[in-house]
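**Student:** What follows is a single structure, and I will ask about it in a moment.
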Amino acid sequence: MKINITPVKQSKINSVDMKHLTFGDVFSDHMLIMDYKNGQWQDPQIVPYGEISISPAICSLHYGQVIFEGIKAFYSKQGKINIFRPQKYHERMNRSCRRLCIPEISYDVFLNCLLELIKLEKAWVPRQRGYSLYIRPFIFATDNHIGVRVSHTYRFMIILSPVESYYKEGLNPVRLITSGEYVRATKGGLGAAKTPANYAASLLPADEAQKKGFTQVLWLDAVTHKNIEEVGTMNICFVINNELVTPPLDGSILEGTTRDSVLKLAREWGIKVNERPITIDELFTASKAGKLNEVFGTGTAAVISPVGEIKHQESSIIVNEGKIGALSQKFYDEVTAIQYGEKPDKFDWIVTI
Ligand SMILES: *Cc1c(COP(=O)(O)O)cnc(C)c1O
């Protein structure tokens, strides 16, 4: 599919301080737009980044027929641009599409859109180690109709945001708290899709957790309130007795690409990996018995986010004295080294420009 490009008259990059970039505030010069109508995706265009006009009756605004992705590109040691696992993110995007009744996009078309946009925006990939270009593809339903039904038309967009290192002061452990009242997702619901509704459900509990001094909520399953699920922006992993334990992908948690990368590395390194249900009680028991070595979240934004404390009801556990564990650090170092082209890409994760 040919992509029509309307370039900006003048890049705004010189007005941006590329060394001080807060997450998600700065966008590159261009964006990609592709519409779905008459039963097909058509006419992709790259245009200057800017506002788009929509009807107040646009159905996605009313009923949330929307999905998104979050991918990263890195400026490599070789002076190239490394996109991390675009195929894996694309597979998940199409899975989210299926759950939300949104027409899928083929990998060829998706990758072509992504590559053309990033080629044009090369200057927006920050050069410093630790920094990256955050890629946000998303699709929303565009029928102007306020009856509840599946839309007939859609818009796919990609916007790009240069971001600085998540950890300017090293990998600082986060504090998590469970919620006795709220749930994020339930089996059969939308939990396995990357869709705004899951975030909408988490805003109030996350806000309450922050008011109590915690970073994020550790979600338990909606039915028994016992099984640990994920953190809502990150999947969660435990090192118990030197075994890597993480909740299985059973329909209510998101299949993280970083989770998959960590599990692949662990298996390669000969670490025992166990994807199985784990209850909050088992976790606290393991901690009291001195068998809980490490806890960390996995997600594209932070890669590895060490967890220093977990509170559940009236009790708390402190993990690894509130410091990052050796294995968490090793995963972080390995994944980032592959992303920046400092170590061989033996799993074929990188697409290079
Ligand atoms: C995006 C996301 C994650 C992390 O997935 P990655 O592919 O590793 O970035 C975890 N949980 C939820 C709910 C998410 O939306």
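The values are calculated or read from the model by the stated rules, or taken from the named source; none is laboratory data. Computed from a predicted model, the values in this text were never measured in an experiment. Using ideal geometry, Cβ is built from the backbone for each residue, glycine included, and neighbour counts are taken over all protein chains shown. All accessible areas refer to the heavy atoms of the entire protein, side chains included, with ligands and DNA or RNA removed. Shrake-Rupley method; radii C 1.70, N 1.55, O 1.52, S 1.80 Å.
**Student:** Going by the structure shown, is residue 121 of a type in the set (Asp, Glu) and touching a His at 6+ places or on another chain (Cβ under 9 Å)?
**Tutor:** On the way: of a type in the set (Asp, Glu): yes; touching a His at 6+ places or on another chain (Cβ under 9 Å): yes.
Judged against the criteria, residue 121 is a match.
**Student:** Report, ordered by the first and then the second residue, all pairs with beta carbons closer than 9 Å, sequence separation of six or more or different chains, a first member in the stretch 248-277 that is over 25 Å from residue 189 (Cα atoms), and a second member that is modelled with pLDDT under 95 and away from the ligand (no atom under 14 Å from the Cβ).
**Tutor:** 271/242; 272/242
**Student:** OK, next. Select from the stretch 247-273 the residues that are away from the ligand (no atom under 12 Å from the Cβ), open to solvent by 50 Å² or more (accessible area, probe 1.4 Å) and closer than 25 Å to residue 194 by Cα and write down the one among them that is modelled with the highest pLDDT.
**Tutor:** 264
**Student:** Hey, which of the strands (runs of 3 or more DSSP E) in the stretch 86-200, taking only ones fully inside, have at least 2 residues that are crowded, with 22+ Cβ neighbours inside 10 Å and out of contact with any Leu (no Cβ under 7 Å at 6 or more places or on another chain)?
**Tutor:** So the answer is 132-141, 154-163.
**Student:** From (1) β-branched (Val, Ile, Thr); (2) modelled with pLDDT of 95 or more; (3) crowded, with 19+ Cβ neighbours inside 10 Å, pick out the condition that doesn't hold for residue 324.
**Tutor:** Condition not satisfied by residue 324: (2).
**Student:** Where residues in the stretch 40-97 are under 30 Å from residue 335 (Cβ atoms) and among the hydroxyl-bearing types (Ser, Thr, Tyr), which of them is nearest to the chain's Cα centre (by Cα)?
**Tutor:** Ranking the qualifying residues of the stretch 40-97, first place goes to 89.
**Student:** Take the residues of the stretch 47-85 that are small (Gly, Ala, Ser) and under 27 Å from residue 200 (Cβ atoms): which is surrounded by the fewest Cβ atoms within 10 Å (Cβ to Cβ)?
**Tutor:** 53
**Student:** Quick one: count up the residues across the stretch 205-246 that are under 20 Å from residue 301 (Cβ atoms), open to solvent by less than 20 Å² (accessible area, probe 1.4 Å) and within 14 Å of the ligand (Cβ to nearest atom).
**Tutor:** Here the count works out to 13.
**Student:** While we're here: Checking the structure you have, find out if any residue of the stretch 176-199 is in contact with a Cys (Cβ under 8 Å, 6 or more places away or on another chain), within 13 Å of the ligand (Cβ to nearest atom) and in the same structural domain as residue 305 (by TED's automatic domain parsing). Can you show your working first?
**Tutor:** Quick first cut of the stretch 176-199, residues in contact with a Cys (Cβ under 8 Å, 6 or more places away or on another chain) only: none.
No: zero hits.
**Student:** Still on this model: Out of 105, 135, 83, report the one residue that is over 20 Å from residue 339 (Cβ atoms) and β-branched (Val, Ile, Thr).
**Tutor:** Values: 135 fails: over 20 Å from residue 339 (Cβ atoms); 83 fails: over 20 Å from residue 339 (Cβ atoms).
Checking each option against the conditions leaves just 105.
**Student:** Scan the stretch 56-63 and tell me whether some residue there is assigned by TED's automatic domain parsing to the domain that holds residue 146 and either at pLDDT below 95 or part of a strand (DSSP E or B) (or both).
**Tutor:** Within the stretch 56-63, the first condition is being assigned by TED's automatic domain parsing to the domain that holds residue 146, and the residues that meet it are 56-63.
Restricting the remaining residues to those that are either at pLDDT below 95 or part of a strand (DSSP E or B) (or both) gives 58.
Looking through the stretch 56-63, at least one residue is assigned by TED's automatic domain parsing to the domain that holds residue 146 and either at pLDDT below 95 or part of a strand (DSSP E or B) (or both).
**Student:** What are the pairs, 6+ residues apart or on separate chains, where a residue within the stretch 320-344 that is touching a residue at least 12 places away in the same chain (Cβ under 8 Å) and of a type in the set (Asp, Glu) has its Cβ under 8 Å from a residue that is open to solvent by 10 Å² or more (accessible area, probe 1.4 Å) and not in a helix (DSSP H, G or I)?
**Tutor:** 334/343; 342/77
**Student:** Does at least one position in the stretch 6-25 carry a residue that is assigned to a strand (DSSP E or B) and either over 28 Å from residue 256 (Cα atoms) or open to solvent by less than 90 Å² (accessible area, probe 1.4 Å) (or both)?
**Tutor:** Within the stretch 6-25, the subset assigned to a strand (DSSP E or B) is none.
No, the stretch 6-25 contains no residue that is assigned to a strand (DSSP E or B) and either over 28 Å from residue 256 (Cα atoms) or open to solvent by less than 90 Å² (accessible area, probe 1.4 Å) (or both).
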